[in-house]
Amino acid sequence: MKKLLIFVLILTVLFISGCSKLNHNPPDYVRDVVALKEGAEGLEIYFILADSSGAMTTSDGKVTLTIYETYSRWSSWSSKFIERDLPLYSRSFNVKKTDFRKTKVGMGAFEHEVILYPIGRIKYSSFNRKPSEMTGKVKLIFQTPGGRILKGEERVSF
């Protein structure tokens, strides 16, 4: 529910600041990947990078985004639940630091500013097949211009 409120606020409060005001320190890690159900047949996705001090930052780079469906089945052989992630969608694309946006997310006392890269809405019709399970994962790999690999992951409900 919290992520839904954050997303609604992003859509309603989105404002664009000049890129000269954004942090351009090299990213050290993927701070957050957010994937929210958007309508009956799609997901809205964005991510946030952070520098070595933990401050949100921007960067040129290459992103590989993969959406998985998580199968959970009881195994009578091992007497436990077995989880498998099966890919539904994958795409790679280049990003530019000028495409990152400063916006406010959250509501009330939880409202705060973030610098995010909006991947946008991905329709289930663009998946290899529609999800048949209720949950999955969104995994993101960010490759910096210097070749460093940064990873992020988020659980998602379909």
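Some observations on this one:
- Output for the stretch 140-158, where each listed residue is more than 15 Å from Ile122 (Cβ to Cβ) and in a loop (DSSP other than H, G, I, E, B): Thr144, Pro145, Gly146, Gly147, Arg148
- The number of residues in the stretch 55-70 that are crowded, with 17+ Cβ neighbours inside 10 Å and small (Gly, Ala, Ser) comes to 2.
- Of all residue pairs spaced 6 or more apart or on separate chains, those with beta-carbon atoms under 6 Å, a first member in the stretch 109-131 that is over 15 Å from Ile45 (Cα atoms) and a second member that is charged (D, E, K, R) and open to solvent by less than 100 Å² (accessible area, probe 1.4 Å) are Glu111/Lys104; Glu113/Lys104; Pro131/Glu69.
- Scanning the stretch 40-54 for residues that are open to solvent by less than 50 Å² (accessible area, probe 1.4 Å) and over 16 Å from Val114 (Cβ atoms) gives Gly42, Leu43.
- Residue, most open to solvent (accessible area, probe 1.4 Å), within the stretch 135-147, restricted to residues that are of a type outside the set (Val, Ile, Thr) and either in contact (Cβ under 8 Å) with a residue 12 or more places away in the chain or in contact with a strand residue (DSSP E or B) (Cβ under 8 Å, 6 or more places away or on another chain) (or both): Pro145
- In the stretch 6-31, the residue that is surrounded by the fewest Cβ atoms within 10 Å (Cβ to Cβ) out of those that are in contact with an Asp or Glu (Cβ under 8 Å, 6 or more places away or on another chain) and modelled with pLDDT of 90 or more is Pro26.
- Within the stretch 115-134, being touching a Ser or Thr at 6+ places or on another chain (Cβ under 7 Å), open to solvent by 10 Å² or more (accessible area, probe 1.4 Å) and at pLDDT 95 or above holds for one residue alone: Ile115.
- Condition check for Arg73: loosely packed, with under 15 Cβ neighbours inside 10 Å, modelled with pLDDT of 90 or more and within 22 Å of Arg129 (Cα to Cα): no
- Count of the stretch 83-101 residues which are farther than 19 Å from Arg155 by Cβ and open to solvent by 40 Å² or more (accessible area, probe 1.4 Å): 8
The values are calculated or read from the model by the stated rules, or taken from the named source; none is laboratory data. Treat the numbers as computed from the prediction; the structure is a model and nothing was measured. No Cβ is skipped: glycine too gets one built from the backbone with ideal geometry, and neighbour counts run over all protein chains shown. When the accessible area is computed, the model is the full protein with side chains, heavy atoms only, and any ligands, DNA or RNA have been set aside. Shrake-Rupley method; radii C 1.70, N 1.55, O 1.52, S 1.80 Å.
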